[in-house]
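Novice: Quick one: this structure, given as structure tokens, is what I'll be asking you about.
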Amino acid sequence: MTNASLNQILDSACRSIQDQIGSGKVADYIPALARVDIKKFGASILTLDGESASFGDAKEPFSIQSISKVFSLTLVLNQIGDKLWERVHHEPSGNAFNSIVQLEMERGIPRNPFINAGALVLSDILLKDRTPDTSIQTILNFLNEIIGEKRIGIDHEVALSELETAHRNSSLVHFMKSCNNIENTVSDVLNVYCNHCSIAMSCEDLSRSMLFLAKEGFDPISNQRIISPELARRINSIMMLCGHYDASGDFAYRVGLPGKSGVGGGIVAIVPEVGVITVWSPGLNKNGNSLVGTSALEAIAKISNWNIL
Ligand code: GLN
């Protein structure tokens, strides 16, 4: 595909949803996120052969929030492989991302690595033989190495705001610790988790950083293997089934691609063997996924005819 046709796909998809921009509700349970302009909208596509197209605020960094769980999952799978599944399941939860109720019934083993409880276990595993600072640095190094420039960092205002209001996440870690599924201190686990959720990246950065998932774990631009094909397939499957919490079925139905959302309003979708699409629009639906971002991805998937089916 040429850059011109990529631009055409992205342009006509984004124009078709333009009257929706500004709808939804920004995440206000993290005070620093409540201040983001709801009218922002960005989208980017990057293909395996390096062709790209961007729309709107595609270069503006935003809080990636739960999208960061894809990076911590990649690092943890590289660190301990399938042993992860002794501490976290890989089933859709059907519950809100920060739900407590299921965790008690299932004795402290989270349903999957993308709900908060599961990602908190990932942070605990990243802390093995590391301090909170070096764990966070490991994630940033991973991203900066792929991007090839040292410019991805944490939005410290968001991180502080999250840490100060992390009551639910703190309950989840305390409960899992009581079930012996957390090895480090509650505060160290929260520190790593809230900081990686507060990484700031643009749509273009996100598309670049997840290109390896469209090519079975191999990054075709830097010519590096990031993860084995087998583990890359697992990440895509979990994105497909669990990437949008209790709206994962709706996202799969409408978009038909593995994806991961965050309450900052970003969504990344993987098109296997083709490339990556990232959208950003801060207004969320009731499940905490970007309302306009989902519509934009639905339009892009429809116009491009990209799907995994
Ligand atoms: N940091 C957010 C939280 O823990 C992430 C949630 C999300 O993006 N869905 O609540």
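Novice: Kindly check whether there is at least one residue in the stretch 94-114 that is within 16 Å of the ligand (Cβ to nearest atom) and within 24 Å of residue 225 (Cβ to Cβ).
Specialist: Checked the stretch 94-114: at least one residue is within 16 Å of the ligand (Cβ to nearest atom) and within 24 Å of residue 225 (Cβ to Cβ).
Novice: Follow-up question, since we're still on this one. Kindly establish whether residue 96 is at pLDDT below 95, touching a helix residue (DSSP H, G or I) at 6+ places or on another chain (Cβ under 7 Å) and closer than 27 Å to residue 157 by Cα.
Specialist: So residue 96 fits the description; yes.
Novice: Give the number of residues within the stretch 15-52 that are under 22 Å from residue 157 (Cβ atoms), small (Gly, Ala, Ser), surrounded by 15 or more Cβ atoms within 10 Å (Cβ to Cβ) and touching an Asp or Glu at 6+ places or on another chain (Cβ under 8 Å).
Specialist: So the answer is 2.
Novice: Moving to a separate point now. Within the stretch 136-163, restricting attention to residues that are within 16 Å of the ligand (Cβ to nearest atom) and touching a residue at least 60 places away in the same chain (Cβ under 8 Å), which residue is surrounded by the fewest Cβ atoms within 10 Å (Cβ to Cβ)?
Specialist: For the stretch 136-163, the residue satisfying everything is 157.
Novice: Find the residue count for the stretch 216-257, including only residues that are in a helix (DSSP H, G or I) and closer than 19 Å to residue 67 by Cα.
Specialist: 20
Novice: Taking the condition of being on the phi > 0 side of the Ramachandran plot and free of Cβ contacts under 8 Å to residues at least 12 places away in the same chain, how many residues in the stretch 215-249 meet it?
Specialist: Matching residues across the stretch 215-249 total 1.
Condition check ((1) polar (S, T, N, Q); (2) in a loop (DSSP other than H, G, I, E, B); (3) within 19 Å of the chain's Cα centre (by Cα)) across all residues:
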| site | (1), (2), (3) |
| --- | --- |
| 36 | no, yes, yes |
| 40 | no, yes, yes |
| 50 | no, yes, no |
| 55 | no, no, no |
| 74 | yes, no, yes |
| 78 | yes, no, yes |
| 83 | no, no, no |
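Novice: Of all residues in the stretch 261-291 being away from the ligand (no atom under 16 Å from the Cβ) and outside any strand (DSSP E or B), which is nearest to residue 68 (Cα to Cα)?
Specialist: Of everything passing the filter in the stretch 261-291, 272 is nearest to residue 68 (Cα to Cα).
The values are calculated or read from the model by the stated rules, or taken from the named source; none is laboratory data. Since the model is a prediction, treat every value here as computed from it, not as a measurement. Positions of Cβ are backbone-derived with ideal geometry, glycine not excepted, and every protein chain shown enters the neighbour counts.
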